[in-house]
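One structure below.
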Amino acid sequence: MPRDFMTDPGQLRDLEGQQYLVLRPTGAVMHEFDRVQDAARRRLGDTARYPGAAHVTLRGLYEPQRVDEVRAVVREWAAAQHPIDIVFEAVDSFPAPWQIVIARLKRTPSLVGAYATLTEALDRTDLRRIGELPLDDWTFHLSTVYAKRLAPAEWEELAREVSREYPAPPAETVAEAEFVTYHDGTEHREVFPLGAAASL
């Protein structure tokens with residue numbers, strides 16, 4: 001059974017009432033994500049938090065009373081969307097105040113296009129989005145380690161030491177999206193095959 005994306009009780013409380021559209025890598029990108037995260041766990045232990053599974057967030061929303069409307073937009077978007085190429089090009093980080101170690105992804109045409117068409121679909125609604133940035137400003141990534149608890153000097157050392165580029169980046173194609181909702185302290189997930197994959 002696929003792993004939950006979030007398992008930490010504190011994170012689940014913080015996510016209450018929110019919805020997300022994410023991509024779940026299951027091949028080379030996932031394996032490298034796990035390797036990087038496992039190394040961080042050995043180093044940091046309980047001084048940091050960790051996602052339960054690799055995922056690329058395409059959008060977050062806060063519509064606890066209109067989950068069905070959000071789901072309908074996601075379903076329509078997924079039906080028209082081709083499979084998405086994701087390429088793990090570097091271990092990088094978001095600096096303070098976030099202090100997150102990330103797997104930075106290449107801006108592949110299919111990934112950029114998916115974000116753009118999702119923006120267009122949401123622009124036709126009044127659904128409330130959270131954490132959204134314009135396409136040109138968005139860094140495609142998989143959050144690997146949430147290290148906000150680290151002192152500034154510890155964080156700077158960690159960010160410097162884990163940073164690296166991949167001369168031969170792990171890559172895979174994702175053929176489905178997951179609609180993730182959080183309520184009653186629990187993560188709920190629905191899978192939507194992407195259009196080209198669903199029609200095979």
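The values are calculated or read from the model by the stated rules, or taken from the named source; none is laboratory data. For clarity, every value in this text was computed on a predicted model and none was experimentally measured. Here the Cβ positions follow ideal geometry from the backbone for every residue, glycine too, while neighbour counts run over all protein chains shown.
Taken over region 115-145, residues that are charged (D, E, K, R) and without any contact (Cβ under 8 Å) to a residue 60 or more places away in the chain amount to 6.
Residue-wise test of (1) among the β-branched types (Val, Ile, Thr); (2) within 26 Å of Pro97 (Cα to Cα); (3) touching a strand residue (DSSP E or B) at 6+ places or on another chain (Cβ under 6 Å).
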{"position": "Thr125", "(1), (2), (3)": "yes, no, no"}
{"position": "Arg128", "(1), (2), (3)": "no, yes, yes"}
{"position": "Glu132", "(1), (2), (3)": "no, yes, no"}
{"position": "Asp136", "(1), (2), (3)": "no, yes, no"}
{"position": "His141", "(1), (2), (3)": "no, yes, yes"}
{"position": "Tyr146", "(1), (2), (3)": "no, yes, yes"}
{"position": "Val174", "(1), (2), (3)": "yes, no, yes"}
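Looking at the structure I just gave you, is Thr173 touching a Pro at 6+ places or on another chain (Cβ under 8 Å) and modelled with pLDDT of 95 or more? Criteria met by Thr173. Would region 58-77 turn up any residue that is among the polar types (S, T, N, Q), in contact (Cβ under 8 Å) with a residue 24 or more places away in the chain and surrounded by fewer than 18 Cβ atoms within 10 Å (Cβ to Cβ)? Within region 58-77, not a single residue is among the polar types (S, T, N, Q), in contact (Cβ under 8 Å) with a residue 24 or more places away in the chain and surrounded by fewer than 18 Cβ atoms within 10 Å (Cβ to Cβ). Of the residues that sit in region 1-26 and are of a type in the set (S, T, N, Q) and modelled with pLDDT under 90, which one is surrounded by the fewest Cβ atoms within 10 Å (Cβ to Cβ)? My answer is Thr7. In region 78-87, the residue that is surrounded by the fewest Cβ atoms within 10 Å (Cβ to Cβ) out of those that are touching an Asp or Glu at 6+ places or on another chain (Cβ under 9 Å) and more than 17 Å from Glu32 (Cα to Cα) is Pro83.
Please go through region 28-48 and give me each residue that is among the aliphatic types (A, V, I, L, M), part of a helix (DSSP H, G or I) and farther than 30 Å from Thr117 by Cα, ordered by number.
Result: Val36, Ala39, Ala40, Leu44.
Scanning region 52-73 for residues that are basic (Lys, Arg) and within 30 Å of Val101 (Cβ to Cβ) yields a single hit, Arg59.
The residues in region 49-87 that are among the aromatic types (Phe, Trp, Tyr) and part of a strand (DSSP E or B) can be counted, and the count is 1. Taking the criterion of being surrounded by fewer than 15 Cβ atoms within 10 Å (Cβ to Cβ) and within 30 Å of Leu127 (Cα to Cα), no residue of region 27-51 qualifies.
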